[in-house]
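Presented below is the structure to which this report refers.
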Amino acid sequence: MLEQELGIDARARGNEVRLVGPEADVAVARKVLEELYGLLRSGRQVHAGDVAEAIRMIHREPEVDLQNVYEDVLASVGSRNKIGAKNLSQRRYVDLMCKYDLVLAIGPAGTGKTYLAMAMAIAALNRHEVSRVILTRPAVEAGEKLGFLPGDLAEKVNPYLRPLYDALHDMMDLGKATRLMERGVIEVAPLAFMRGRTLNDCFVILDEAQNTKSEQMKMFLTRLGFNSKAVVTGDITQTDLGPDTRSGLIEATQVLRDIDEIGFMRFTENDVVRHPLVQSIVRAYDKHESRTVDAAEPTDPAKK
């Protein structure tokens, strides 16, 4: 992978690796090997995706310390899984959540926006920094009608909240998560259930925020109480709202951009950490949508 990505020659014999090529590229390759070896010695597994990401990170920031980037967010939780940033953007995101009481994270699917926010929330709960964790998302009908689903209201909205449950069970033993939810320490609820509440001493995550309307977003942001943190995540390219409805997330980024006490994180397709195909798919859709917009724009007669 070093040879393919950097155009160098890497020769391994025994416990020695000889790198041959342009000085700058060899320096990057050496740094990658040394940093990844340090991760292996610390007990962390290294996969092919980690190698590619390490090369990109060290290209962008030669002095980067991968141990710091990959620091386990759940170290204090006793989770069976180690969860940490996988690239520089995710590391910055974690730092923003530590620094600010309100963070807005925008970017494509697969960048870890919600997953890392949940890890930070569970870690804060375990350290007794907050007394509750609240996970919420709007129950927007994405091509299907809620009314046709079987069951009562709770059963109807449960499929919309399923991704939050799945991520929660990744980070915490199922039995413990169930007990905490029964006691109300962890709450998973539709956004509509937030109206009229004041959320004190809690870590709140609003997921899929691109599907909020303007008034819903304002309602949510004004729920924040004392000793609380909120993280709002969404992908503004994948809204399920009608064509005439403005996304509350898009509006919030414009309305709040001058408030210094709010952290803003923007991920790009380069930050996708799912299957490598996901990056290619995101880029392909971005290109397609830009061509569609260009084709839809009226031609200026003066330029003919």
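The values are calculated or read from the model by the stated rules, or taken from the named source; none is laboratory data. Note that the structure is a prediction, hence the values are computed from the model and not measured. Here the Cβ positions follow ideal geometry from the backbone for every residue, glycine too, while neighbour counts run over all protein chains shown. Calculation scope for accessible area: heavy atoms of the full protein, side chains included, ligands and nucleic acids excluded. Shrake-Rupley method; radii C 1.70, N 1.55, O 1.52, S 1.80 Å.
Counting only helices (runs of 4 or more DSSP H) that sit completely within the stretch 16-103, those holding 3 or more residues that are closer than 29 Å to ILE205 by Cα correspond to 48-60, 66-69, 88-99. Of all residues in the stretch 198-250, those satisfying the criterion of being under 21 Å from ALA121 (Cα atoms), in a strand (DSSP E or B) and of a type outside the set (Ser, Thr, Tyr) are LEU199, CYS202, PHE203, VAL204, ILE205, LEU206, LEU224, LYS229, ALA230, VAL231, VAL232, GLY234. Summed over the stretch 31-64, the residues that are open to solvent by less than 60 Å² (accessible area, probe 1.4 Å), at pLDDT below 85 and basic (Lys, Arg) give a count of 1. Restricting attention to the stretch 109-129, the residues that are open to solvent by 10 Å² or more (accessible area, probe 1.4 Å) and either of a type in the set (Lys, Arg) or in contact with a Ser or Thr (Cβ under 7 Å, 6 or more places away or on another chain) (or both) total 4.
Checked against the criterion of being of a type in the set (A, V, I, L, M) and either touching a Lys or Arg at 6+ places or on another chain (Cβ under 8 Å) or within 21 Å of TYR115 (Cα to Cα) (or both), the candidates LEU277, LEU256 yield just one match: LEU277. Does the stretch 195-202 contain at least one residue that is crowded, with 20+ Cβ neighbours inside 10 Å, over 20 Å from ILE262 (Cβ atoms), in contact with a Ser or Thr (Cβ under 6 Å, 6 or more places away or on another chain) and not small (Gly, Ala, Ser)? There is no residue in the stretch 195-202 that is crowded, with 20+ Cβ neighbours inside 10 Å, over 20 Å from ILE262 (Cβ atoms), in contact with a Ser or Thr (Cβ under 6 Å, 6 or more places away or on another chain) and not small (Gly, Ala, Ser).
Just to be sure before I move on: is VAL133 surrounded by 13 or more Cβ atoms within 10 Å (Cβ to Cβ) and either at pLDDT below 80 or among the small types (Gly, Ala, Ser) (or both) in the structure I sent? When the stated conditions are applied, VAL133 does not pass them.
For the stretch 10-30, the tally of residues that are touching a strand residue (DSSP E or B) at 6+ places or on another chain (Cβ under 7 Å) and open to solvent by less than 50 Å² (accessible area, probe 1.4 Å) stands at 5.
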